[in-house]
Structure formats: C-alpha cells, structure tokens
Amino acid sequence: MTATARRSDRRAAFAFLSPWLIGFAVFTAWPLGYSVYLSLTDYDVINDPSFVGFDNYAQLFADPKISLALTNTFLFTIMQVPVHVIVSLMLALLLSQAAQRSAGFFRTLFFLPKMTPPVAIGILFLLLFNGQNGLINTVLGFFGIDGPSWTTDPAWVKPGLVLMSAWSVGASVIILLAALQNVPRELVESARMDGAGPVRTTFSITLPMISPALFFIIIVNTIASLQTFDEAYTAFFGAGNTTYSNDAALFYVIYLFQQAFEFLHMGYASAMAWVLFAIIMVITAVQLVVSRRLVYYEGEAK
C-alpha cells in the first residue's frame, strides 16, 4: 500500500471516528476536567466560581453526614452484592436445567423486571414493604410472623432495599446462564461418572468454570451499589417525603445530589464525586488483585 493510500485510509478512519471523538470530548472529557476545577472552588451556580483550594476536601472530613452516608452505602453494598449474586446464580442454574422450549420464555420473564424504571421500583418498594398493610408483611402474617416496619425502622430500611433490589437481577441471570451453557459437558459427565453428586459438581466444576462471569457481576454490582440513588431517593426523599426514616437511607450519592441541586454547593458536590471515584477505584483494584487467585480463565497458563 502506498503512502498516499495509507493517508487516505487514516483520514477515512478519523472521519468515521470523529462523531464519537467529538461526543467524548464534549460530554465526557470536558465535564470530568471541569468537575476537577469546580471541586477546588466555592460555586453556587448563580455566582462565578471562587477558588478555595482544597477547602472542600478538608470539609468532607468534618462533615458528620459524610461518615453517615458512607456507612450507609458500605453496609448496603456489603448486603446487596452477595444477595444479587446468589439470587442470580440460583435462577441461572434453574434456567440451565429447563427444557429448550421453555428456556426462552423464562429468560424473558426474568429479564422483564430489569426494564422497570427505577422510580417505579422505589414506589413499588413503599407499597410492598409498608409496615401496616404492605404485601410482604401480609404474606408473613399468614405464617404467624409479625413483619418489621421496613420503611420506618432504621434497622430494616437497608435490608428492605436489598430485598427489593433482587427485583432486577435479570441481566445478571442472562450473563450467568450464557456462562453456564459454555461449561464443557464432558467435564460434568466425567465428574458424575467418578461419583460426584450435583453439589460437588457445582462447586468443583461449574463455579470455577463460570468464575470470570461471576467476577464481572461482582465488580459491576459493587460499583452500582456504591452509586445507588434512584430507588432510595424515590422512596425516602422524593416529593418532599418526611414520613419515613431518611437518615437510614441517606446514601452517598443522595447526599451528593442534595449538596449539588438542593443546596447549590456545586464545588463541594464535585469534591464528593471525586472522593467517591477514588473509593471505587481502590475497591475495584483490591477486587482485581484478589481475583488473580480465585478466578479461572480457560486456556490461561498456570
């Protein structure tokens, strides 16, 4: 290929890439860079930004609601991620045993709740988990169990939100089902011929073979849980809600939103955003290091 042809190919490639490059620069790179600048300023949207250096970051350590919001967020993440992974894995294992004709129907059935808007899930949470006449406590009452006050008792707010989050495990179920379908059948059959039961086969062969998919789901859901906002905000903070226990549901991103759009502390909110970014980076890095010993990649040299 001549030099002229190579230059022509490069120009064509940049022409096709230019819409994405422009969009990335305008809607991602520039906002990210500007938020770094805002985190070093006192900015209320109305007046021009006033440079204050690292005062916003220093204020984070003195703000008692930051520690409350971080504690709530970490507790929710610690509870939500295992529940999400376990429920997704159980449903995927059940689907992998379903007949081929019915599998497509159930895949669609499990995925449909994922399409529900988060605001609707937040409202549904209040209806299902109402301590007086909610469906969950009504069902528990049939078995003689006195259900807790999910929406007013601070000890039960986060567990209730965790249970509600299981509503939207459909995407993880599909990912795990695809991984299960790629497990070599000869390995499973060999294990069964050697006398391994279903439980032993699952833990010794199936789970190691789908560990990359499990790790992906853990990473993605950890990041999503640390940024949880929609359902909790709708249920406990939306429309001037003051009936329920808000402090137990004050997650980090909710407090960030309040600082930015209710109190107009844009500089402080930008600093909060970058602190959350750093926290997510550290947690993800730790998970990546741990995964080197726990995740099996087929074909990887050992």
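The values are calculated or read from the model by the stated rules, or taken from the named source; none is laboratory data. All figures in this text were calculated on a predicted structure; none of them were measured in a lab. Cβ sites come from the backbone with ideal geometry, for glycine too, and all protein chains shown count toward neighbours.
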Restricting to the stretch 172-194, and then to whatever is among the acidic types (Asp, Glu) and assigned to a helix (DSSP H, G or I), can you tell me which residue is surrounded by the fewest Cβ atoms within 10 Å (Cβ to Cβ)? GLU186
Hits in the stretch 29-51 - residues which are more than 25 Å from LEU250 (Cβ to Cβ), surrounded by 10 or more Cβ atoms within 10 Å (Cβ to Cβ) and either of a type in the set (A, V, I, L, M) or at pLDDT below 90 (or both): ALA29, LEU32, VAL36, LEU40
How many residues are under 30 Å from LEU264 (Cβ atoms) and either in contact with a helix residue (DSSP H, G or I) (Cβ under 7 Å, 6 or more places away or on another chain) or not β-branched (Val, Ile, Thr) (or both) when one looks only at the stretch 1-35? 11
Taking the stretch 36-73 and keeping residues closer than 12 Å to TYR268 by Cβ and assigned to a helix (DSSP H, G or I) leaves LEU38, ASP55, ASN56, TYR57, ALA58, GLN59, LEU60, ALA62, LYS65, ILE66
Kindly provide the set of residues from the stretch 121-171 that are part of a loop (DSSP other than H, G, I, E, B), under 19 Å from VAL83 (Cβ atoms) and of a type in the set (A, V, I, L, M, F, W, C), ordered by number. PHE129, TRP150, VAL169
Matching entry among LEU128, LEU70 (being in contact with a helix residue (DSSP H, G or I) (Cβ under 8 Å, 6 or more places away or on another chain), in the same structural domain as ILE218 (by TED's automatic domain parsing), at pLDDT 85 or above and under 18 Å from TYR252 (Cα atoms)): LEU70
Does ILE223 fit the bill of being among the aliphatic types (A, V, I, L, M), in a helix (DSSP H, G or I) and more than 25 Å from GLY122 (Cβ to Cβ)? no
